[in-house]
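Taking it in order: structure first as structure tokens, then the write-up.
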Amino acid sequence: MENDIYHLLTQVREKSPLVQNITNFVVMNNTANALLALGASPIMVHAEEELEEVLSFCNSVVINIGTLSKPWADNMILAAQIANKLGKPWVLDPVGAGISSLRNETLQALMLLKPTVIRGNASEIIALQNFNRKSVKGVDSTHSSSYALEAGKLLQKETGSIICISGATDYVISDNEITEIKNGTSVMTKVTGMGCTATAITGAFIGLAKHPYQEAVAGVAITSLAGELAAKISKGPGSLQLNFYDILFNLAKEQILGNLKIKRYANPS
């Protein structure tokens, strides 16, 4: 499995997939830099008038609802419709799911359009199961990812999407497989937008458009591993963010084979 992940990383570096991001104001710079360090090519187009033209030559689409407004929500839905029409894989990041009617309505519309991947923290994945929840703590996870695992399984059944849950343990769920990744570091939660970065990196991997489940696993695994390795040479959140980019850029096969804590098992559902 580790060799497969390294092979996919090599493919991203060689092919430099173009990833269209409709994302939030807070993380645009972070995610663009992470995609560049990974070896992908970011583009951030938000105007309705150019979405179809731009998506026609992109490899994948990332939709992140972090700083939502009605015009942006409409453009996100349009982007998902265009991606489906063009056969482009796309990933949805349901930032803050459950905290407002606009957010919930937008997410309901987007999920009907069948994202290739949905990636969120435990609270967000749980909230997607129950839009009446009012206890979601912003964009931070207040539940363990293991608690969200059952919600993730149900969400996968309902949507057909690959579900990625981030936390102390990351989970990637398909209809017949679950992959568990135990890398990462708690310091990553002290850097804004690390979850959004994980979504963008996952978007780059699914831009390879061959094996979406394996590509989603690789995106989550590489993000968590890079964060963990960066933390070992960092003094705190500030240096971790810079070191994260450097680790992504230089990540070698032996680092993946020697440090990745990953296992895959059948999804009994």
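The values are calculated or read from the model by the stated rules, or taken from the named source; none is laboratory data. The structure presented is a predicted model; accordingly, all values stated were derived computationally and were not measured. No Cβ is skipped: glycine too gets one built from the backbone with ideal geometry, and neighbour counts run over all protein chains shown.
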Practice item. List every residue pair whose Cβ atoms lie under 7 Å apart, where the two residues are 6 or more positions apart in sequence or sit on different chains, the first residue falls within the stretch 10-22 and is touching a residue at least 60 places away in the same chain (Cβ under 8 Å) and within 27 Å of E48 (Cα to Cα), and the second residue, located anywhere, is part of a helix (DSSP H, G or I) and hydrophobic (A, V, I, L, M, F, W, C). Key: P17/A204; V19/L35; V19/A200; V19/A204; N21/A200
Practice item. Report, ordered by the first and then the second residue, all pairs with beta carbons closer than 7 Å, sequence separation of six or more or different chains, a first member in the stretch 244-260 that is β-branched (V, I, T), and a second member that is part of a helix (DSSP H, G or I) and surrounded by fewer than 18 Cβ atoms within 10 Å (Cβ to Cβ). Key: I256/E2
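Could you list, in sequence order, the residues of the stretch 82-101 that are assigned to a loop (DSSP other than H, G, I, E, B) and either crowded, with 19+ Cβ neighbours inside 10 Å or under 13 Å from the mean Cα position of the chain (by Cα) (or both)?
Step one: filter the stretch 82-101 for residues assigned to a loop (DSSP other than H, G, I, E, B), giving 87-89, 94-100.
Within the stretch 82-101, K88, P89, P94, V95, G96, A97, G98, I99 qualify.
How many residues does the stretch 66-76 contain that are among the hydrophobic types (A, V, I, L, M, F, W, C), under 15 Å from L113 (Cα atoms) and touching a strand residue (DSSP E or B) at 6+ places or on another chain (Cβ under 9 Å)? Even if it seems obvious, please write down each step before you answer.
Of the residues in the stretch 66-76, the ones among the hydrophobic types (A, V, I, L, M, F, W, C) are 68, 72-73, 76.
Remaining after also requiring under 15 Å from L113 (Cα atoms): 73, 76.
Then keep just the ones that are touching a strand residue (DSSP E or B) at 6+ places or on another chain (Cβ under 9 Å); that gives 76.
Summing the residues that are among the hydrophobic types (A, V, I, L, M, F, W, C), under 15 Å from L113 (Cα atoms) and touching a strand residue (DSSP E or B) at 6+ places or on another chain (Cβ under 9 Å) in the stretch 66-76 gives 1.
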Practice item. Could you tell me whether G195 is under 18 Å from the mean Cα position of the chain (by Cα) and of a type outside the set (K, R)? Key: yes
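For residues in the stretch 161-175 being of a type outside the set (F, W, Y) and outside any loop (DSSP other than H, G, I, E, B), which is surrounded by the fewest Cβ atoms within 10 Å (Cβ to Cβ)? Steps first, answer last, please.
Quick first cut of the stretch 161-175, residues of a type outside the set (F, W, Y) only: 161-170, 172-175.
When the remaining residues are screened for being outside any loop (DSSP other than H, G, I, E, B), the result is 162-166, 170, 172-173.
Values: I162: 25, I163: 27, C164: 28, I165: 29, S166: 27, D170: 23, V172: 27, I173: 26.
Looking at residues that are of a type outside the set (F, W, Y) and outside any loop (DSSP other than H, G, I, E, B), I get D170.
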Check your understanding: Hey, any hits in the stretch 208-222 for a residue that's under 25 Å from A83 (Cα atoms) and among the basic types (K, R)?
Key -> yes
Check your understanding: Limited to the stretch 102-121, what total is found for residues that are surrounded by fewer than 24 Cβ atoms within 10 Å (Cβ to Cβ) and within 16 Å of the chain's Cα centre (by Cα)?
Key -> 3
Point to revise | Among (1) at pLDDT 95 or above; (2) over 24 Å from A221 (Cα atoms) - the single one S100 does not satisfy | key: (1)
Review point. Taking into account only those residues within the stretch 226-250 that are out of contact with any helix residue (DSSP H, G or I) (no Cβ under 6 Å at 6 or more places or on another chain) and not acidic (D, E), which is farthest from A200 (Cα to Cα)?
Key: K235
Check your understanding: Is it the case that A200 is at pLDDT 95 or above, within 22 Å of K15 (Cα to Cα) and hydrophobic (A, V, I, L, M, F, W, C)?
Key -> yes
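Can you tell which of A231, A226 is surrounded by 19 or more Cβ atoms within 10 Å (Cβ to Cβ), touching a Ser or Thr at 6+ places or on another chain (Cβ under 9 Å) and either closer than 17 Å to T31 by Cβ or not polar (S, T, N, Q) (or both)? Let's see the steps before the verdict.
Details: A226 fails: touching a Ser or Thr at 6+ places or on another chain (Cβ under 9 Å).
Result of the check over A231, A226: A231.
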